[in-house]
Structures are given as structure tokens and as C-alpha cells.
Amino acid sequence: MKKSNVFVAFFLGLALIFSTVVKADEGMWIPMLIGKNYEQMKKQGFKLTPEDLYSINKASLKDAVVSFGGFCTGEIVSKNGLIFTNHHCGYDAIASYSTPQNNILDNGFWAKSYSEEKPVPGLFVNFLVRMEDVTEKINAAVKGISEDQKAARIDEVGKQIASDAVKGTKYDGFVRDFYKGNQYFLYIFQKFTDIRLVGNPPQSIGKFGGDTDNWEWPRHTGDFSVFRVYAGQDNKPAGYSQANKPYTPKKFLPVSVKGLKNGDFSMVYGFPGRTDRFLTSYGVKLATGKVSPAIVKLRDIRLKAWKEEMDKDVATRLNLSSTYANIANYWKYYIGQTEQLKRLKIYEQKQKAETEFSSWAAGKPEYAQLTDEYRAAYAAYEPFALERTYINEGFLATAWVKQAVALALAVQKADTAAFKAAKDKLAASLPEYEESYNAIADKKIFVKILASFYNDIPKNQHPKFYTILAQDNWQGNPESTFRKFADHLWDNSKLIRPDKLKAFMASDPSVKDLENDPGYQYAVNLIPADFIKINMGSAVTDFDNKKAALDKLYLKALLEKNKGKLMYPDANSTMRITYGNVQNYSPKDGITYNIVTTIDGVMQKYVPGDAEFDLPKNFIDAYNARNFGQYGQNGTLVVNFISNNDITGGNSGSPVINGKGELIGLAFDGNWEAMSGDIAFDKQYKRTICVDTRYVLWCIDVLGGAKNIIAELDLRKDVPAK
């Protein structure tokens, strides 16, 4: 292996890296380099070639997989640009079209023609065109530059490399780092912005089980929705127009209705968001002991306040449902992650790995002090970690505060154009703000978070503005104190109530107008960088800079120590492949979970009128009639299945593909027993929960009557033996 390509080797999960080669079911592999995994994939049941997975010279599976909105994954399933993704990925778009009079979120929606499909402003999909290793270019550009200037220089050079690469084309590009800055790749994308909603099941199917079943197996959720990519007459990206036509893709996935068995090959192709499997024991201890519990507490405040209002009427529920679902998902995630990190003793495993690393590094001056430096860096930062968590998860949790802070940042630049741009952006977002605004819930959240900060953060760390605020409004206890302050803001600020805010923005306020507003006067104290600098000194920035330098050095050392081994990098929202098998598991002694759940289990959970476990009437009728169409098997209908693929957030909606390149399901969740996965992969318990394609098609066809959608698909059925 050439020296310049040494970092092409991939990384094994930190808890295992020092003793073994990576397991086939673990790893988020870079598609361009998947040939290194090919022999192992073939042994597990893969029937295609590496070029079928990734090629820039011919159509490959990469051309049928899209980054959906930058937050999920989708797959192209027809020659007319049809997209399958998760229901929760399309939730915001679905909710935006839902009203009490036409409630498609609750009732479902199926377009029976192109003209009925609903455009979704702001939604986009990205197709990966190609990727390229640009590590040498980046390293050459920063050679000899001081450490405190490198980050800015790398960002500048990365943007220039991307700009040069797409010059004269209609493509977009960016450079992303791997192995904590030890390697860099250029990604070239084609972005389509005319995306339309084609159909969705009622949320009683798409979100069946709600928060109760979230992150749990067995699961019975029809987590899917259907969209379509539109293009101009030349099949190139174009802004929304009635004249646009469905996009003709380079590649689309055939859809299997053959069924599954334990041990079948499975592959997930998508855009996993973030993992942190290099995190040291010091980071695990801080996360489980302080940061994650605080995030759970602060999100719980929001969820309870919203839920109380959502239960009062349908309109409020529809307005708040998308925001609630997003916050609730990772509220439960942080609970589960903390629990599983402790149960699996990840802190102790990482300590052991770091002790072994220190023994290896002892005779190497560049690495010998790494673990000691990590220890010192975390010790200096730990007293401020909780206060920092309160900035984004607490103080900035209220929408109007974030908006006011954005204005304050523009004012801070003393740039007329920047200030105008900030006002224009706020004005454009007013309809969305008004729709999700709820005075009772928003004020309650604001008060409880301020009171929690007062109680949770040591008094010697309270910012000056906060101390003055408490003293001026003191009512004998924190909650009453901050309620008085909130009443003052809500009555006097023009930045909170939507009617006042609209009138204020329509008046084209000046900087002086803003500075006289009490809401602005409060929010200006919460500009994150200023808050940190004023109230925590250099402790936070010193830690961030030190940790970044240590992380890069640590990864350099690990790559050197494990040179020649098959290893993978952390997820970073770039396209990855993970492969493994459909596989059952035993969560505890005496219990083994099957690979599939069926519609019989859905009916067993059914509770009429329940917010999480109700079902549509036509669902129950079809079940009672055993009307499963061509999608049933052995007298029932498979709903969900599990595989041992390695996924994380961002993989939602990813295609689950069999050894022949056929779509067998959509990945939508992980399991409770392995929620440590973003920090430490557990090969015994880790499972990906998927909605089976047969259930997706049954919901579209039998329940939705959208045979026009079924007709677009290339259905793969069992082929009789000759």
C-alpha cells in the first residue's frame, strides 16, 4: 500500500480494535472502496460485483440511493423517479399538508395521478455523482501552518477544491474529513429540488406504536412514505414548475416480494449521520454521568408541555406533531444510549483498550502522553459541560429565542446586508413559526428551563445577566420568579407573539428598534460564542481545540498500529454501505426473538381510540377477510424484520437490499438492547429494524387502492424451479 493511501484502511470499533479483525456485520464502508470487502460479502450471500455497487462509468446501485432532505435516505424504485423513504422522514411534509378539514396525516393520502402529487417547498434530494480522495491536496495546503490556523485553512481549501471540481457544471460539491482529519474526500452531488409527495399511510400505520414502541423489538410499524423526483424537460434539476416531468434515473431498485429467512444476506445503502466510536473512556464517563441525563431532562420539559396542549384539540396536535416527534425520538434515544453504555460496561472496555494502547505507545514519543493529555483536558472541561449543554438544549430550545439570537448575530456583524438578510429570513419563516407557536406551552417551557438552570448549575457559574434577572424578579422560588419575567416578555416584546412579530417585521425595524425590545435584550446574552467566552472564559474553546488535536493524533496512532487491517471510519453523513444478514437474537436468557413480526401482532396490540395503537377501519376489515393479496405468506402478512446491519441516524429510509440487488425493506430504527451503537457497536445485540416491502406494497395496494404506484414497480417474485 502506498504511503499516500495508508488511510484508505478502515477502522474497527474502538472496544475491539486492539484484538481482532472487524466482523462482517459491523462497519459503515465507503462505497468507492467496497472491493476490499468483496470476498467476505460473497461468502455471506452477495451475488453482484463491486462495480454493481459503485461505479462512475456505468449505472450502479449508488445511483438509486439519495440523500433525502439532508436528514434521511431514500431509494429510487421506478423508472419515473419514485422514491420510497420512511414515514417519519416525510412526516413534516405530510403534516404541512394536513388540516382538520383534510387531515392526510391521520387519514393517509395516495395520488392516483401525477397531477394529484403535492410539491414540497424546501425539500430536496441529492444523488452522488462521484467521490475522490483529496488528502494530499489538503495536506499540501496546510503544510507549515500553525495549529490554531489549520481548521480555517482546511475549510477554505476544501471549499476551493469543491468549487473547482464543479466549475462549469450544475453539480454541487463538498470536502469531508475522515479519521478525525487524517483523510479527506471530495463528494460531487446532483441536487434536485422539485420533490412531490405521492402518498403516505395514515399515521396510525406509519407511526403505529408511537413512543412506546420506539427503539423496541418486536415492532409492528409501517414506517414508509412515497415521493417523486421531478426534473426539467432535459431531465436535469429544475425549480418547481407544472411543466416539469418525472425524473428518469440512471438506476432504480427492483422490489422483492419473495420473503425472508434467517441468515439471508442483507445490505443497507445510505447516509448515516454521526457516530463517535473513537470516543475515549473520559468522553463516555462525561456523557453518561452528566451530559445525556441533562439532555433528557430538558427535552422532557418540552415534550410534556407540548403534549398537554396537543391533547386538547386536533389543530394543535397537527401543528406541533412534527416538532414533537423529532424531539421525542432522540429524547428516548439518550435514555437508551445511557442505559446500554452502562449495561455493556463500555466505559470499562474503553479503559482497558486505552491501557493496552498506552503500552504500545510507551516507546513512541509522538503518542506516549496521549492518554494523560486526554485525562487532563477532560478534567479541566468537566465543570463547564453541564452549563454548555443548557445553551442549545435549554436556552435556545424556544423558537423565538433562536430567532432573536439570529438577529443579534447579524447586528453584531455591523453589516447592513447581513442584517437585511437576517430580517428577510425571519420574515420568510413567519408562517412556519406561527403554525407551531403555542403561547401556553412555549411560555411554560421557557419558565421551566430557566428554573432548571437556576437549580442545576452552581451559583458561581450563573452569568451576570441571569443573576440580575433573578434578583429583579425574585418571587421566593425560581419557577415563580421566571414566570414573572416571562409574563413581562410576552406582554412587552414584539418578537414573541406571532401577530406582534409580523407587524414588527412589516415595519422594517432598525437596529435601534431591536435594541429597545426586551425580548432582544434577553436573547442578545445567549449568542453561543459570546455566552461561552463571557461566562466560561477559554475553558470550552481550549477543550474543543485540544480534543480535536488529540483526536487526530489518536486516530493517526490507531491507523499506524493497525496498518494492513480492514477498518472503517466514523459515519459523517456521507454515503456508506453496511452488509450482514437477516438475523434473530436473544436479548436475555430464555428469550429468542424471531426475525419477523406479522400483521397478527399488529392486531394483538390494537387498542381502539388509542393515540399509539389505533388502526383504520379498512385495515381491520382487510385483516378479518385475510385479504393480503399477493403479499401474504403462510396465511399472514410480514410487517417488520431485523438484520444485523450497522446503521445510525441518517440511515432512516435506507434501502435494505438482498444479495441480488433487490429491495426487501426500508431501515427505520435500531433496537433498545444496542442503543450504545453510536459510541460502541455490540455484535451480539445490534439489530436494524426494517419495514418489509410486502407490507409497504399491501398498504399501498390493498388499503390505499393506489394500483398506479404498484404498476410502476419492478416486482420480483419467486421463480419456479425448472
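What follows draws every value from the coordinates through simple rules; no lab data is involved. What you are looking at is a predicted structure, and each value in this text was computed from that prediction instead of being measured. Cβ placement follows ideal geometry from the backbone for every residue including glycine, while neighbour counts extend to all protein chains displayed.
Observations, loosely collected:
- Positive-end residue, the chain charge dipole about Cα centroid, Cβ charges, pick of Asn455, Leu386, Thr49: Thr49
- Among Trp360, Trp490, the order by Cβ neighbours within 10 angstrom, fewest to most, reads Trp360, Trp490.
- Global size of the chain: 26.2, 86 Å for Rg and Dmax (C-alpha atoms, Rg to one decimal, Dmax whole).
- Linear extension gain, Lys342 paired with Ile534, 0.36 nm per residue minus alpha-carbon span: 65.6 nm
- Separation of alpha-carbon centers, the stretch 412-480 and the stretch 220-254, rounded to whole Å: 41
- The stretch 170-239: projected area of the alpha-carbon convex hull, averaged over directions, in nm²: 8.2
- By the Kirkwood approach, averaging reciprocal distances over each pair of separate Cα atoms, the stretch 243-352 gets a hydrodynamic radius of 18.5 Å.
- Span-like helix ranges in the chain, DSSP H, alpha carbon extent 18 angstrom or more, Kyte mean at least 0.5: 399-412
- Sorted by Cβ density within 10 Å, fewest first, the residues Val656, Val540, Val296, Val314: Val314, Val296, Val540, Val656
- Rg over Rh for the stretch 572-674 works out to 1.00, using Cα positions for both radii and the Kirkwood form for Rh.
- Efficiency of FRET from Cβ geometry, His488 and Asn102, R₀ 41 Å, rounded to 0.05: 0.55
- Gain on full stretching of the segment that runs from Arg626 to Ala506 - 0.36 nm per residue minus C-alpha separation: 37.3 nm
- Reference-scaled alpha-carbon Rg (2.2 N^0.38 Å with N residues) for the stretch 621-684: 1.44
- Neighbour-count ranking [beta-carbon atoms within 10 angstrom, fewest first] of Ile664, Ile76, Ile599: Ile599, Ile76, Ile664
- Pairs spanning more than 27 Å between alpha-carbon atoms, out of Lys180/Lys413; Lys332/Lys500; Lys261/Lys605: Lys180/Lys413; Lys332/Lys500.
- Extreme residue, positive dipole direction of the chain, given options Met310, Met567, Thr481 (C-beta unit charges): Met567
- Cysteines (scope the chain) whose Cβ has no counterpart Cys Cβ under 4.7 Å: Cys690, Cys699
- Helical mean residue ellipticity (222 nm; -39500 (n - 2.57) per DSSP H run of 4+; nearest 500) of the chain: -13500 deg cm²/dmol
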